[in-house]
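Enquirer: Here it is: the structure, laid out below.
Please treat every number below as a calculation from the coordinates, not as lab data. As the structure is a prediction and not an experimental result, all values here were calculated from the model. Please note: Cβ atoms are built from the backbone with ideal geometry, for glycine as well, and neighbour counts cover all protein chains shown.
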Amino acid sequence: MNIFYISLIVVAFVLNLLGLMRFIPMVLTIPMLFVTIYLYIFHVYHRKQFKGFQRIVND
């Protein structure tokens, strides 16, 4: 899954470079880059979150 997010960041970065060259509007590229970086950071920190101990149920 990390490869997916990293590839999204690379694509958004390339689109942002195209936006800096004024081929694509910057209004579209900057939020796209921000959202992809945010999703990657959220994914990395969310999967390492402590979710509590498993309860053992005795029947």
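Enquirer: Hand me the trypsin sites (Lys or Arg not before Pro) from the chain located in a DSSP loop with no more than 13 other Cβ atoms within 10 Å, in residue order please.
Expert: Filter output for the chain: ARG22, LYS48, LYS51, ARG55.
Enquirer: The list (1) 4.6; (2) 3.8; (3) 5.5 gives values of mean projected area of the Cα convex hull in nm², and only one came from this structure; which label was calculated from it?
Expert: Of the listed options (1) 4.6; (2) 3.8; (3) 5.5, (3) comes from this structure.
Enquirer: Can I ask one more? Relative contact order for the chain: what percent, with Cα pairs under 8 Å and sequence separation of 6 or more?
Expert: On the way: 25 pairs, mean separation 19.7, N = 59.
RCO, the chain: 33 percent.
Enquirer: Additional query: For TYR38, TYR5, what ranking results if the residue with the fewest other Cβ atoms within 10 Å of its Cβ goes first?
Expert: TYR38, TYR5
Enquirer: Ranked by Cβ crowding within 10 angstrom, fewest neighbours first, how are ILE24, ILE3 ordered?
Expert: ILE3, ILE24
Enquirer: Just to be sure I understand the model, the point goes 7 Å from the Cα along the line to the Cβ. What's the resulting ILE9 to PHE42 distance in nm?
Expert: 1.6
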